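Quick notes on the structure that follows.
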């Protein structure tokens, strides 16, 4: 990623009582796939969907949205 490229993903909205963790995890997986395709050597993720999409802190991160 010479020159500091930025990839952006749009995370799903958090809906109380509905398990959307797989949908969130897919956002991380797809971002990693694109990063690999462009030859990125490093990747940093902010907490996707935390904030405007209403995911609680600690649930909208890589630890809760498994990318395996």
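The values are calculated or read from the model by the stated rules, or taken from the named source; none is laboratory data. What you see is a predicted model, and the numbers here were worked out from it, not measured in a lab. Cβ: placed from backbone, ideal geometry, glycine included. Neighbour counts: every protein chain shown.
Observations, loosely collected:
- Number of residues in region 18-28 that are surrounded by 14 or more Cβ atoms within 10 Å (Cβ to Cβ) and either within 8 Å of the chain's Cα centre (by Cα) or not in a helix (DSSP H, G or I) (or both): the value is 6.
- Residues satisfying the criterion are absent from region 35-43 (criterion: in contact (Cβ under 8 Å) with a residue 24 or more places away in the chain, under 12 Å from the mean Cα position of the chain (by Cα), outside any helix (DSSP H, G or I) and on the phi > 0 side of the Ramachandran plot).
- One residue from 2, 21, 26 being modelled with pLDDT under 75 and at negative phi: 2
- Of all the residues in region 51-68, those that are surrounded by 10 or more Cβ atoms within 10 Å (Cβ to Cβ), under 14 Å from residue 23 (Cα atoms) and at pLDDT below 75 number 8.
- Criterion violated by residue 48 - all others in (1) farther than 20 Å from residue 5 by Cβ; (2) at pLDDT below 85 satisfied: (1)
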